[in-house]
1. In the range 134-161, what residues are open to solvent by less than 10 Å² (accessible area, probe 1.4 Å) and more than 21 Å from Tyr48 (Cβ to Cβ)?
2. Can you confirm whether Ala205 is under 19 Å from Val154 (Cα atoms), surrounded by 18 or more Cβ atoms within 10 Å (Cβ to Cβ) and of a type in the set (A, V, I, L, M)?
3. Could you run through the range 1-46 and say how many residues are assigned to a helix (DSSP H, G or I), open to solvent by 50 Å² or more (accessible area, probe 1.4 Å) and not aromatic (Phe, Trp, Tyr)?
4. Is at least one residue of the range 219-238 within 29 Å of Ile128 (Cα to Cα), among the hydrophobic types (A, V, I, L, M, F, W, C), open to solvent by less than 40 Å² (accessible area, probe 1.4 Å) and outside any helix (DSSP H, G or I)?
5. Pick from the range 95-113 the residues that are free of Cβ contacts under 8 Å to residues at least 60 places away in the same chain and within 14 Å of Leu133 (Cβ to Cβ): which of them is surrounded by the fewest Cβ atoms within 10 Å (Cβ to Cβ)?
6. Restricting attention to the range 337-346, which residues are closer than 17 Å to Thr109 by Cβ, out of contact with any His (no Cβ under 8 Å at 6 or more places or on another chain) and either outside any helix (DSSP H, G or I) or among the hydroxyl-bearing types (Ser, Thr, Tyr) (or both)?
Amino acid sequence: MIVPFLDLKAAYLELQQELDAVYQRVMNSGWYILGKEIEAFEQEFAAYCEAQYCIGVGNGLDALHLILRSLGIGPGDEVIVPANTYIATWLAVSYAGATPVPVEPDEMTYNINPDLIEVAITERTKAILPVHLYGQPADMDPINDLAHHYGLKVIEDAAQAHGARYKGRRTGGLGDAAGFSFYPGKNLGAFGDGGAVVTNDPYIADQVRVLRNYGSRVKYYNEVQGFNSRLDELQAAFLRVKLTKLDEWNERRKLAAQYYLDRLSQTDLKLPYVPEWVTPVWHLFVVSHPQRDKLKNYLDKFGLGTLIHYPIPPHLSDAYTGGLESNWKTNIYPITEAISNQILSIPIGPHLEQTKTTIVVETLLKVLKDDTI
């Protein structure tokens, strides 16, 4: 049996009646941008994140970029970022005109290592941008302590962590502001692109609202040079429906993850490590193996869908090696590079049936017994 990495259509099929109804509601309203649906979603998602404000934007990258802009971070400034992350985290900093300063991850959690941040702080540093990678929150208390000591802002990249908790607190309220993505494959995904800024800071909320809409509060009156980045009414309406299922769907992911952890514990795979102080939402289930590429090829032959998150660290991508940061080269961030060469994401999601998780496990067990792996 073929097991796809992720089945996006299944979410629609489960909620088809509700989703079709809101589609008709929005289409019949005649109002498709910045209307009642996004206002309602912003209130509901802010409450879900246990925060004061939510501002819907075009995508997760824009969410991070607009937070940086709202804080006046730009040319000449530095922002500390994880070396081990998707490139969007870095691009947000670059779009603002600032410089990303990478810090290596903790080898157990793959999230930014708080113990390595302080040495990267300079007089140009303005913010720390931790990522809650794979749906597991970064260790935020020491990060916030450092930020407070040095007068820095903390911006969460929560694109993969809808509903995750750190010491009982939801992502989205663990720093000065957070950027979320609603890309279709996320735990809370739209049926197209979408994103949001969540914050408890009224100034940041106000500035992002202005920046997302051409720098305007009132039509044709532009206060600043803003952007066009608005979560549309239809996607907001769809997200409202899916938000009511998010906790249940995250619980399904948790059950699948626990099954994997139990059944694969005696193999030579390195399995995800979960500190006792976090409640992850298992956006991805990432294993590690020294012969990752060979393992992936075998699994592909068995029809088991896998992906690599992420095969090329940002500092080795063409986007950065050709620019001002051209001094970044192989071996400068060895932990990140080792991780990228060994990690493999196996199927997980709210619509992955038990029969298929069993197939994933049995296939892995079979392949790992092969003398060539």
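The values are calculated or read from the model by the stated rules, or taken from the named source; none is laboratory data. Since this is a predicted model, take the numbers as computed values, not measurements. Here the Cβ is made from the backbone with ideal geometry for all residues, glycine too, and neighbour counts use every protein chain on show. Areas reflect the complete protein model, heavy atoms only, side chains present, ligands, DNA and RNA absent. Shrake-Rupley method; radii C 1.70, N 1.55, O 1.52, S 1.80 Å.
1. Residues satisfying the conditions are Ile143, Ala147.
2. For Ala205, the condition - under 19 Å from Val154 (Cα atoms), surrounded by 18 or more Cβ atoms within 10 Å (Cβ to Cβ) and of a type in the set (A, V, I, L, M) - is met.
3. Residues that pass the stated criteria total 17.
4. Yes; the residues of the range 219-238 include at least one that is within 29 Å of Ile128 (Cα to Cα), among the hydrophobic types (A, V, I, L, M, F, W, C), open to solvent by less than 40 Å² (accessible area, probe 1.4 Å) and outside any helix (DSSP H, G or I).
5. Asp106
6. If the condition is that a residue be closer than 17 Å to Thr109 by Cβ, out of contact with any His (no Cβ under 8 Å at 6 or more places or on another chain) and either outside any helix (DSSP H, G or I) or among the hydroxyl-bearing types (Ser, Thr, Tyr) (or both), then Ser340 is the only one that fits.
One line per residue, one yes/no per condition, for (1) surrounded by 20 or more Cβ atoms within 10 Å (Cβ to Cβ); (2) part of a loop (DSSP other than H, G, I, E, B):
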| residue | (1), (2) |
| --- | --- |
| Glu251 | no, no |
| Tyr259 | no, no |
| Pro275 | no, yes |
| Lys294 | no, no |
| Asn297 | no, no |
| Pro311 | no, yes |
| Ile348 | yes, yes |
